[in-house]
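Here's the structure we're looking at; comments come further down.
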Amino acid sequence: MAATSTRTGTVLRTPIKPTRSLEHHAPVHGVRWWREIGWRHVVAVVMVVVCVLPLLYVLSASFNPGGTLTGSNQLFRHVSAQNYQDLWGRYFGSWLLNSLLVCTVTAVGTVLMGAAAAYAFSRFRFRGRRGSLTFLLLVQMFPQMLAFVAIFLLLLSLSKVFPAIGVNSQLGLIAVYLGGALGVNTFLMYGFFNTVPRELDEAAKIDGATHAQIFWTIILRLVAPILAVVGLLSFVSSYGEFIIAKIVLQRPEKWTLAVGLYSWAADEKTAPWGLFAAGAVLAAIPVVLLFQFLQKYIVSGLTAGSVKG
Amino acid sequence: MSHQGTQVEIPDEAPPRTPSGRRTGVGDTSHARSWSRGFFVKLAVVAIADAVSVYGILTAVAVQSWGVAAFLLAALVAITWVYFSRRGLPAKYLLPGLLFLLVYQLFVMGYTAYVAFTNYGDGHNSTKSDAVAQILVQNEKRVEGSATYPLTVVDKAGTVGFAVVVDGKAEVGSASQPLTAVDGATVDGGKVTAVPGWQVLDFASIAGRQDEIVNLRVPFSSNPDDGSLRTQDAQNGYLYRSALTYDAAADSMTDTSTGTVYRPDSRGSFVSPDGTALTPGWRVAVGFSNFTQMFTDSRLSGPFTQILVWTFVFAGLSVLTTFALGLFLAITFNDPRVRGRRVYRSLLILPYAFPAFLSALVWRGMLNQRFGYVNEVLLGGANVPWLTDGTLAKVSVLMVNLWLGFPYMFLVCTGALQSIPTDIIESARMDGASPFRIFRSMTLPLLMISVAPLLISSFAFNFNNFSLIYMLTGGGPSFTGTPVLIGHTDILISMVYAVAFGSGLKQYGLASAVSILIFIVVGLISWWGFRRTRTLEEL
């Protein structure tokens, strides 16, 4: 999980700046245009084809009724919504619900625990503060996913005490995901919390607010953008998480989308390829949308202007 | 806490105000003492957490999970103390996250290390006393020529038991309760027909619980050597006795028919002088043998070395190719004269926005040798074994990862390029430097300052890119003759999966040992990157 969020999280630090205006450049024509600009369009078209073709292929396969791998090669030859209807008779509905449930609870838990920790590190000066921050930084270097064998064995023995958080339980999976809640996220949030002026806390304190009131009613509202970003990152990374979900959830009705769709596509010969494609299109939509949403959030800053100079 | 008289003292924080506006006593700044709405919410949450912990402690003690019980007790004390004490304010905010971190990250890391030094796995997954009991049960045989006991299947609150007539007296027992005589039972023709406190099962119930009944063994007496009563047909019971006996004093198993003595060896099994081992065995510490096995076991060492090398090659080439293509595209579209850059960019990012596990599965279909889109359509019916030939499969893995990964590098490089001041590039151009020279001596070094840490984390990410390998090739094509199911495209992390879950025999110890190796490699890489970024200075 940690690794996945780093993969996405870095976008935060390098937002794309708006394109510079074109007017400063004199227009060029003919051979010189080809040499300096034209070839860039050729590269672009080739790359766009490479990027889009596999996605068009899935889309086409998803509309191909009763499609197997063989029958899916002529793009958009048959168009029917049959596969999309057939999805619901299978486990797909449960997988979708399970994924949404697991990822939403994980995201909310991650945001709350990360924000609380970031608040403590940002606002209180206590003994061992620097040490704990360093410790968190070191711990997050080791991806939790590497210990999946031990996670499985731990859940196996927890099954005897609390079956609700043991093997084959979504709550157990959520708890595992929450184990990685502090790591990267605390740092992402900590930096943002530090940008909220402390004068706001002081003012609230003079008005008689408790630390809890300051946290819940003032700070959390001011850092809303980073909460959204962390929440979405956490959602996306647990949505695509496969290995831990696969070993923890053992029965088809408990699976998440990642595990379920894998089971459909794994065996090339008998795979219900059309169903898989339809499921993949539906499964990808929320993530692609969230991705767009996330990019918009990245640049905004809500705290600007909350203190008058 | 104590009130120190009534004189006014200046508290660190202003006294909390309740919603009604009533101020609590001067000097009383404990959050626990303000009867606000928040307090009741806290009370309720802590009460639930404590109740769950207490329930957990009781169950854990009942099933003798001492570690879980001890942890829950510590958590119970910590939660209650932290949230009702005036001190340790930061702890109130850190505790929930820390508890999860402690169990699901720190503990499992430690546990991985522990398991790596044991023979935990199929055939060795419990304690020695469990193994002894298991061996005795598994080697039970019907005692030759023993009597047939007409038997009645009975049930008490879901527990199945047998009722038989032994020496003219009705006796009842269950799995946990050896046969004991009961008073007041009705016996008809040598068969028990009613037992007080037990319900006699009818034919339909017996048919429904067949497995349970066939597997039930009721100890004949409290002495395990007397054997147990079992049935095949729910009509007649026979006396079964283990062919082995366990001598606790000598710590050995003896086969009563052949006289062979099995003694425990250092690897957690009872072994006879001729080398036959009884199953199951039990968990023992085996030192470094899991680590050395990867290098010394001749069937494993060759494939393991290949996987080790391939993991580095895969991660390294993945970073290199994605970065090269991403940078090339970033430079290509960095020219403001290119129209439609925005559209190009948003289309080029699509592979990155599409969930990676789905892309890998789609490519798996597209690269299929016989029916895949690539062979059938793009190559006009060619029969290229993209995923089934060892070398080609590696190339395919790298190509698909390039498709998946270049948009990220493209984004990163675009951002980094735009943060390079244009005037110094401009002045180099004035001085007559060629575009290539400018790129090599100015753009690239400046770019590297911000991009290098990302390349390191990308390497670490790909080093453990389990989903891609597992979804695309499943590690295949497989090596032949290896004791575990591993193949040409397996990387270390997917090898861990294959050793622990993928092959018929689960070897948690060996899998954990490979995990530890990955831990070390990833740790070294991260530490190196960490030193370069100097994140610590910002704390």
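Rounded to the nearest Å, what's the spacing between the alpha carbon centres of region B:80-117 and region B:270-301? Just the number, please.
35
If you stretched the chain out fully between residue B:420 and residue B:298, how much longer would it get, using 0.36 nm times the residue separation minus the C-alpha to C-alpha distance?
Going from the current span to full extension adds 38.5 nm.
For region A:46-169, what is one quarter of the convex hull surface built on the Cα atoms, given in nm²? Walk me through the numbers on the way to the answer.
Values: hull surface 56.3 nm².
The number I arrive at for region A:46-169 is 14.1 nm².
Once each part is reduced to its C-alpha centroid, what is the distance from region A:95-156 to region B:223-258 in angstrom?
After rounding, the separation between the Cα centres reads 51 Å.
Using the Karplus curve 6.51 cos²θ - 1.76 cosθ + 1.60 with θ = phi - 60°, what ³J(HN,Hα) values do you get for each residue of region A:179-196, in whole Hz, with x for Gly and Pro?
Working through the residues one at a time gives x, x, 5, 6, x, 4, 5, 4, 6, 4, 6, 3, x, 5, 4, 5, 7, 7 Hz.
Which one, B:120, B:408, B:294, is farthest towards the positive end of the dipole of chain B when Lys and Arg carry +1 and Asp and Glu -1 on their Cβ?
B:408
Once every DSSP H run of n ≥ 4 in chain B is given -39500 (n - 2.57) and the sum is divided by its residues, what mean residue ellipticity at 222 nm do you get, rounded to the nearest 500 deg cm²/dmol?
On the way: 19 runs with 257 residues, N = 539.
Rounded to the nearest 500, it is -15500 deg cm²/dmol.
Provide the gained length on full extension for the span residue B:433 to residue B:169, in nm with one decimal, where the gain is 0.36 nm per separating residue minus the Cα-Cα distance.
Length gained between residue B:433 and residue B:169: 84.2 nm.
For the pair residue B:156 and residue B:203, what calculated FRET efficiency results from E = 1/(1 + (r/R0)^6), where r is the Cβ-Cβ distance and R0 = 22 Å, to the nearest 0.05? Working shown, then result.
Values: r = 19 Å, r/R0 = 0.86.
Using R0 = 22 Å, I get an efficiency of 0.70.
Which residues' amide hydrogens lie under 5 Å from the amide hydrogen of residue B:161, considering only partners 5 or more residues apart or on another chain, with H built in the peptide plane?
It is B:154, B:155, B:156, by chain and number.
Classify region B:366-493 as rounded, prolate or oblate, taking a ≥ b ≥ c as the square roots of the eigenvalues of its Cα gyration tensor: rounded when a/c is under 1.5, otherwise prolate if a/b is larger than b/c and oblate if not. It would help to have the intermediate numbers written out before the result.
Numbers: a/c = 3.47, a/b = 2.10, b/c = 1.65.
Prolate.
I'd like the Karplus ³J(HN,Hα) series for region A:92-98: coefficients 6.51, -1.76, 1.60, θ = phi - 60°, whole numbers in Hz, and an x wherever there's a Gly or Pro.
Residue by residue, region A:92-98 yields 3, x, 5, 4, 4, 4, 4 Hz.
What is the distance in Å between the Cα centres of region A:61-75 and region A:158-178?
39
Skipping prolines and chain starts, which residues have an amide H placed within reach, meaning under 5 Å, of the one on residue B:240, given they are 5 or more residues away or on another chain?
Excluding prolines and chain starts, which carry no amide H, the hits are B:143, B:228, B:229, B:230.
Rounding to the nearest 10 and keeping the result within 0 to 90°, find how far the Cα-based axis of helix B:66-84 lies from the longest principal axis of chain B.
60
Please give the charge dipole size of chain B, origin at the Cα centre, charges +1 on K and R Cβ atoms and -1 on D and E Cβ atoms. Round to the nearest 20 debye.
Magnitude of the dipole: close to 2360 debye.
Which ³J(HN,Hα) values, rounded to whole Hz and listed in residue order, are derived for region B:36-47 from phi using the Karplus coefficients 6.51, -1.76 and 1.60 in 6.51 cos²θ - 1.76 cosθ + 1.60 with θ = phi - 60°, glycine and proline given as x?
These are the phi-based 3J(HN,Hα) values: 8, 4, x, 4, 5, 4, 4, 4, 5, 5, 5, 4 Hz.
For the protein assembly as shown, build the convex hull from the C-alpha positions and give me its volume per residue in Å³.
It comes to 249 Å³ per residue, whole-number rounded.
If you line up the long axis of helix B:508-533 against the longest principal axis of chain B, both from Cα atoms, how many degrees apart are they, to the nearest 10?
The angle comes out near 30 degrees.
Average partner chain C-beta neighbours within 10 Å, per residue of B:445-457?
Per-residue shielding by partner chains comes out at 1.
Hey, if you put +1 on the Cβ of every Lys and Arg and -1 on every Asp and Glu Cβ in the protein assembly as shown, which of A:236, B:194, B:250 ends up farthest toward the positive end of that dipole?
With unit charges placed on the Cβ atoms, the residue in question is A:236.
If you take every residue apart from residue B:146 with its C-beta less than 13 Å away from the C-beta of residue B:146, what net charge results, scoring Lys and Arg +1 and Asp and Glu -1? Spell out each step's value before the answer.
On the way: positive: B:141, B:142, B:230, B:241; negative: B:140, B:144, B:226.
Overall, the nearby charge balance is +1.
Run the dipole for the protein assembly as shown about the Cα centre, Lys and Arg Cβ at +1, Asp and Glu Cβ at -1, nothing else charged, and hand back the magnitude in debye, nearest 20.
3360
Separation between the residue B:337 and residue B:480 pseudo-spin-labels, each 7 Å from Cα along Cα→Cβ, expressed in nm?
6.0
Given H placed 1.01 Å from N in the peptide plane, which residues other than close sequence neighbours of residue B:387 have an amide H under 5 Å from its amide H?
Amide H neighbours of residue B:387: B:369.
Near residue A:66, within a Cβ-to-Cβ distance under 13 Å, what is the net charge of the other residues, with Lys and Arg +1 and Asp and Glu -1?
On the way: positive: A:77; negative: A:86.
Around residue A:66, the charge tally is 0.
Using r as the Cβ-Cβ distance of residue A:285 and residue A:70, and R0 as 45 Å, what FRET efficiency do you calculate, to the nearest 0.05?
0.95
May I have the convex hull volume per residue, in Å³, for the Cα set of chain B?
333
Could you give the length gained by full extension between residue B:138 and residue B:47, i.e. 0.36 nm per residue of separation minus their alpha carbon distance, to one decimal place?
Value of the extension gain: 28.1 nm.
Could you compute the FRET efficiency for residue B:215 and residue A:45, with r as their C-beta to C-beta distance and R0 at 45 Å, rounded to 0.05?
Once rounded, the FRET efficiency stands at 0.10.
Obtain the nm distance between the two label points defined at residue A:267 and residue B:130 by a simple spin-label model: each point lies 7 Å from its Cα along the Cα-to-C-beta direction.
3.2
If I fit a long axis through the Cα atoms of helix B:128-138 and take the longest principal axis of the Cα atoms of chain B, what angle between them do I get, 0 to 90°, rounded to 10?
Compared with the principal axis, the helix lies near 60 degrees.
FYI, it's all coordinate maths here, none of it is from the lab. What you see is a predicted model; the values in this text were computed from it and never measured. Neighbour counts are summed over all protein chains in view; Cβ atoms, including those assigned to glycine, are modelled from backbone coordinates with ideal geometry.
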